[in-house]
Structures are given as C-alpha cells and as structure tokens.
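See below for the structure under consideration.
The values are calculated or read from the model by the stated rules, or taken from the named source; none is laboratory data. This structure is a prediction, so every number in the text was calculated from the model and none was measured. Every residue, glycine among them, receives a Cβ derived from its backbone with ideal geometry; neighbour counts consider all protein chains shown. What goes into the accessible areas is simple: the full protein's heavy atoms, side chains included, and nothing from ligands, DNA or RNA. Shrake-Rupley method; radii C 1.70, N 1.55, O 1.52, S 1.80 Å.
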Amino acid sequence: MKIQQLSIFSENKPGHLIAPCRLLAREGINMQAMSLADSQRFGILRVVVSDWQRAKSLLEAEGFVVRVTEVVAVEVPDRPGGLSSVLDLFEGSTINIEYMYAFPFVHAGKAALIFRFDHPDAAIEKLRAGGMNVLDSAALNDR
C-alpha cells in the first residue's frame, strides 16, 4: 500500500519547473499528484506518477537529481473535516507526519491525501484500524 514518490530537485529559478514536466508529458507518463516546495535557492517537485521507475530513469538521464521515497495515500470525503478525521487517528501517537499534500478526485466527491510518515507501515496499520481507505498506485490510476 506504499506508493513510490519522486522528489525532483531543481534550482529555484524561472523556467526550471517546465523541463521535467515536459519530459514526463512527452514520454506519456501521467503525473497523478504533485507538490512543489521551495527554499531560497532550490525547489523540490514531489510527484506520484503512473510509471515511477521509467520516470526516474528518464529524468536522471536528462541530468535531474531524483530521490524515491515511500508515501501513503488515503481516500477521504472531499468535505470539511476530511483531513481532521485522518489526523485524529494519530493524536497521541509517536508516528510523525513529515509532510502531506492533497488532491481531489474528479466527479467522485472524494479526495486523496498523500502522507510522508516516519514509520509508514505503522501508519498504514493505524489508518486501516481506523477504517480509512488506504490507496495503492493502481487505485490512483483508476481515479
């Protein structure tokens, strides 16, 4: 149930975001979810893609620095309180949420929350015990 996410590192300058996005588009690799974070000098484009191994190889061949990390996707109702219902499960827990981002599913009334946990296996266990729908890569492709 863990999903492979690519973190693509780039200088924080105008125009640097387009190159990896064009490459993935040209190669027919779908970006299913993405987040962009920055510091003064560098940016990190985090993406969940339809074919992470191929995307990683293509990006590295073009000179991009790419890191693969495991993330967990959780389906929640796209309404007020969707995120809170997940966070409630971790209150008082020693599992740390390092970062997260979200995206809605088209026409489904649902959203997916992408989490980077310090202990993803324990987080998945806690999520399932709390009745949450933990998504795999195939489920993201079907949305």
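Results, tabulated for the structure shown:
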quantity: Check on Leu135, within 25 Å of Asn30 (Cβ to Cβ), touching a strand residue (DSSP E or B) at 6+ places or on another chain (Cβ under 9 Å) and in contact (Cβ under 8 Å) with a residue 40 or more places away in the chain; calculated: yes
quantity: The stretch 86-101 residues that are more than 24 Å from Ile44 (Cβ to Cβ) and of a type in the set (A, V, I, L, M), paired with ones that are open to solvent by less than 80 Å² (accessible area, probe 1.4 Å) and modelled with pLDDT of 95 or more (beta carbon under 6 Å, 6 or more apart); calculated: Leu89/Lys126; Leu89/Gly130
quantity: Out of Val71, Val86, Val76, sole residue that is out of contact with any Pro (no Cβ under 6 Å at 6 or more places or on another chain), within 11 Å of Leu6 (Cβ to Cβ) and not small (Gly, Ala, Ser); calculated: Val71
quantity: Residue that is modelled with the lowest pLDDT [pool: residues in the stretch 106-130 that are open to solvent by less than 70 Å² (accessible area, probe 1.4 Å), part of a loop (DSSP other than H, G, I, E, B) and closer than 18 Å to Pro80 by Cα]; calculated: Ala108
quantity: Exclusive hit being of a type in the set (D, E, K, R), closer than 28 Å to Val134 by Cα, surrounded by 12 or more Cβ atoms within 10 Å (Cβ to Cβ) and over 15 Å from the mean Cα position of the chain (by Cα), set Asp78, Asp51, Asp88; calculated: Asp78
quantity: So Leu23, is it in contact (Cβ under 8 Å) with a residue 12 or more places away in the chain, open to solvent by less than 60 Å² (accessible area, probe 1.4 Å) and not acidic (Asp, Glu); calculated: yes
quantity: Selection within the stretch 3-20 - over 20 Å from Ala139 (Cβ atoms), modelled with pLDDT of 90 or more and open to solvent by less than 30 Å² (accessible area, probe 1.4 Å); calculated: Ser7, Ile8, Pro20
